[in-house]
Structures are given as C-alpha cells and as structure tokens.
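To keep things clear, I will list the structure first and then write my remarks on it.
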Amino acid sequence: MLVSLTVLIPIMLVLIGVFPFAYGMDHKAADFLEAQEVARDELELLRAMPIKDVASESHKVTRGRLQLQVSRVVSGEGRLKRVDLDIRWRSNDRFQLTSYLYGWAPK
C-alpha cells in the first residue's frame, strides 16, 4: 500500500501540472490560427477593392470568444501599395504580415 501511494502521488502531481499547461497551449495555438485567418480575410477584402481606395485603418473583429484588433498601414503611391497588417488579441500576442497589392486597372 505504501509503495503504491509513493508511486501514485508523484504521477498525480505531474498530471495536475501538465493538463492546465496543455490546455493553455491549445488555446494559444487556436488564437494564433484565428489571427492568421483574419489576416487572410483582410487581404482578400483589400484585393477586391479598387487600388485607389486601399487606405490605412484600424478596427476590431470578434471571432467566437476572441476579440482581435486589426491595424493596417498602407504605403506607396500609384498602382503598387505595401500593406502591413498587425493583428493583436492580447497585449503580448500578435500576428504580423506584410503584403504588396498591385492595381491592374489604369488609374
């Protein structure tokens, strides 16, 4: 009985410590994936716009339980513009993406 308790208690302590850590890591990965999807959606919306209407802005997006702050900085003139996306969902968690948009239609 004593041997089984000395083996069982450390195993229980390890399991108690591992499950909350694994749960938090799972949510962090899911949040990062959600931020990537928001970035993809944002770029697709920008690609559908006329190039002259693409401008810098900041707005919030809610996906399920997650609220994301989306900031985009657009630089460049004419038919080629650089778009820097910064997506934050907590103060220290963010996803950044830089892309270039080219307007095919004449000015």
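The numbers here are math on the coordinates, done by the rules we state, and not lab data. The structure displayed is predicted, hence computed values, not measured ones. Counting neighbours? That spans all protein chains shown, and the Cβs are built from the backbone with ideal geometry, glycine included.
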>> Loop only by DSSP, 13 or fewer other Cβ within 10 Å of the Cβ. Give me the trypsin sites (Lys or Arg not before Pro) in the stretch 42-87 that pass, ordered by residue number.
In response: Arg65
> Beyond 20 Å, what share of the Cα-Cα pairs of the stretch 26-107 remains, rounded to the nearest whole percent?
Replying inline: 34 percent
> Taking neighbour Cβ counts within 10 Å as the exposure measure, how do Phe95, Phe32 sort from fewest upward?
Replying inline: Phe32, Phe95
> Quick one: Asp41, Asp31, fewest Cβ neighbours within 10 Å first, how do they rank?
Replying inline: Asp41, Asp31
>> Taking the number of other C-beta atoms within 10 Å as the exposure measure, put Leu8, Leu66 in order starting with the fewest.
In response: Leu8, Leu66
